[in-house]
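Input: a single structure, listed below in structure tokens.
The values are calculated or read from the model by the stated rules, or taken from the named source; none is laboratory data. Because the structure is a prediction, the values reported are computed rather than measured. Cβ coordinates were reconstructed from backbone atoms using ideal geometry, including for glycine residues, and neighbour counts include every protein chain displayed.
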Amino acid sequence: MSFQKAMRTALVIALLLLALFIYFISGYHQWIESNYSTGFFPKLASSLRWLLGALPFSLGDVIYSVVVAAVLWNIIKFIIRLFHPKDSWGKKLYPLFTAAIILLFVYVYFYLFWGLNYYRKGIEYQLGLQNGQFQKKELISLNQYLLEQVNHRKEICLQKKDTVMSHPRMYKAAYAGYRELEQQYPFLHYRNSSIKSSLFGRLGNYVGFQGYYNPFTGEAHVNTRIPNFVQPFVTCHEMAHQIGYASESEANFVGFLAATNSPDTLMQYSAYLDIFLYSIGNLRAVDSVASKEITKQLNEGVKRDIRTEREFALKYRTFIENWTNAFYDFYLRQNRQRKGIASYNEVTGWLVAWRKKEKP
Ligand SMILES: [Zn+2]
């Protein structure tokens, strides 16, 4: 066996063993909570942010592009060799194995460097909240609360003629929100900010993402091509992923707490609007009369923003988005998010439980 072949075999065995370890450990939620999510992971993620935070572009996006190109290149090579009359089967299949090893590496890296957070106990456990069934009157009361907050923030911003946030201001305001939140909940500790504007902005509009976290580099990404008033909350949501909240509803909840603790009113507005839209959607499903009654009371400026967001979504709606949504839905279901894409919505349950406990 040549040295290269021996190395390749050793790598495959190591990756398979690690994949087996991930499979085995994912059932031990308490172990993951105490040793991974609040032990190893925060140190690792914080170091990555320290290392790459100042880099003015997203290294993660470059890595993603290289990985996708490498996998595609190997698949093309396989197809070409398939039709070559003299190549042996060993030679024909080699690029396919290479592509499989790359994907296995990505899988293992992904879970060891972040994905295991899907299997932690999470915010429910840390805050002593119970996100379960809630009554209609609790949902109405939450909607009324959010209506007041969102209207109030919009009035202030319109009065100050302050409606657009620059990216440096947005990222700074999000960081300030986390620093403030930490006073109340020390475990929501965030240092060494590393937030980047996505290199795939326009593509992202068609695919349908507003932001994402890259576990390979610890960078958080914001799609800066979406309406400006949406971006501040997306920033806080992605930062929640950076500190180990993998679940979408938890990232929404932690992001909401951080954004509403930020001293910047536009940041607060963005969070109240986003969360209002989730909770009014839930109310509409159970009581459309009550939801209409509340929507009517929205400030005209807020209504304008909601229309802008809707028009934007319609403009970029394509078949690609349906595919990526279906894929992401499947992915979330595989990772303990039993409602798939609809699990973003579960933030309403966190809000009801949190209001009951903390009475903001
Ligand atoms: Zn997310």
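Determine, yes or no, whether residue 75 is at pLDDT 90 or above, of a type in the set (A, V, I, L, M), assigned to a helix (DSSP H, G or I) and within 24 Å of residue 247 (Cα to Cα). Give the derivation first.
Details: at pLDDT 90 or above: yes; of a type in the set (A, V, I, L, M): yes; assigned to a helix (DSSP H, G or I): yes; within 24 Å of residue 247 (Cα to Cα): no.
Taking the combined requirement at face value, the residue does not satisfy it.
Condition test on residue 45, is it at pLDDT below 95 and not assigned by TED's automatic domain parsing to the domain that holds residue 201? Even if it seems obvious, please write down each step before you answer.
Values: at pLDDT below 95: no; not assigned by TED's automatic domain parsing to the domain that holds residue 201: yes.
No, not satisfied.
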Exercise for the section: Inspect segment 186-198 for any residue being within 16 Å of the ligand (Cβ to nearest atom), within 15 Å of residue 270 (Cβ to Cβ) and in contact with a strand residue (DSSP E or B) (Cβ under 8 Å, 6 or more places away or on another chain) and give the result as yes or no. Expected result: yes
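Do the conditions hold for residue 304, that is, is it charged (D, E, K, R), in the same structural domain as residue 350 (by TED's automatic domain parsing), modelled with pLDDT of 95 or more and more than 13 Å from the ligand (Cβ to nearest atom)?
Details: charged (D, E, K, R): yes; in the same structural domain as residue 350 (by TED's automatic domain parsing): yes; modelled with pLDDT of 95 or more: yes; more than 13 Å from the ligand (Cβ to nearest atom): yes.
So residue 304 fits the description; yes.
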Completion exercise
Exception for residue 41 within (1) outside any helix (DSSP H, G or I); (2) touching a residue at least 12 places away in the same chain (Cβ under 8 Å) falls at (1)
Completion exercise
Restricting segment 241-255 to residues that are assigned to a helix (DSSP H, G or I) and within 9 Å of the ligand (Cβ to nearest atom), the one surrounded by the most Cβ atoms within 10 Å (Cβ to Cβ) turns out to be 255
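In the set 156, 101, which member is at negative phi and at pLDDT below 95? Quick ask: steps written out before the conclusion?
Working: 156 fails: at pLDDT below 95.
101 is the lone residue from the list that is at negative phi and at pLDDT below 95.
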Handout entry: Among the residues listed as 179, 202, the single one being in contact with a Phe, Trp or Tyr (Cβ under 8 Å, 6 or more places away or on another chain), surrounded by fewer than 23 Cβ atoms within 10 Å (Cβ to Cβ) and assigned to a helix (DSSP H, G or I)
Key = 179
Problem - Residue that is nearest to the chain's Cα centre (by Cα), among those in segment 223-243 that are modelled with pLDDT under 95 and more than 13 Å from residue 164 (Cα to Cα) - result: 223
Handout entry: In segment 205-232, the residues that are more than 13 Å from the ligand (Cβ to nearest atom), outside any loop (DSSP other than H, G, I, E, B) and either free of Cβ contacts under 8 Å to residues at least 40 places away in the same chain or aliphatic (A, V, I, L, M) (or both)
Key = 207
Handout entry: Extreme residue, nearest to residue 256 (Cα to Cα), among residues of segment 270-307 that are exposed (fewer than 13 other Cβ atoms within 10 Å of the Cβ) and β-branched (Val, Ile, Thr)
Key = 286
Handout entry: Selection count where residues are out of contact with any Pro (no Cβ under 9 Å at 6 or more places or on another chain) and under 20 Å from residue 103 (Cβ atoms), scope segment 51-78
Key = 12
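On the given criteria, is residue 294 of a type in the set (Val, Ile, Thr), in a helix (DSSP H, G or I) and at pLDDT 95 or above?
Values: of a type in the set (Val, Ile, Thr): yes; in a helix (DSSP H, G or I): yes; at pLDDT 95 or above: yes.
Judged against the criteria, residue 294 is a match.
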Completion exercise
Of those in segment 27-70 that are under 30 Å from residue 223 (Cβ atoms) and among the hydroxyl-bearing types (Ser, Thr, Tyr), the residue surrounded by the most Cβ atoms within 10 Å (Cβ to Cβ) is 37
Practice task
Specify the residue that is surrounded by the fewest Cβ atoms within 10 Å (Cβ to Cβ); the eligible residues are those in segment 182-199 that are under 15 Å from the mean Cα position of the chain (by Cα) and of a type in the set (Gly, Ala, Ser).
Solution key: 197
Handout entry: Test result for residue 246, touching a Gly at 6+ places or on another chain (Cβ under 6 Å) and hydrophobic (A, V, I, L, M, F, W, C)
Key = no
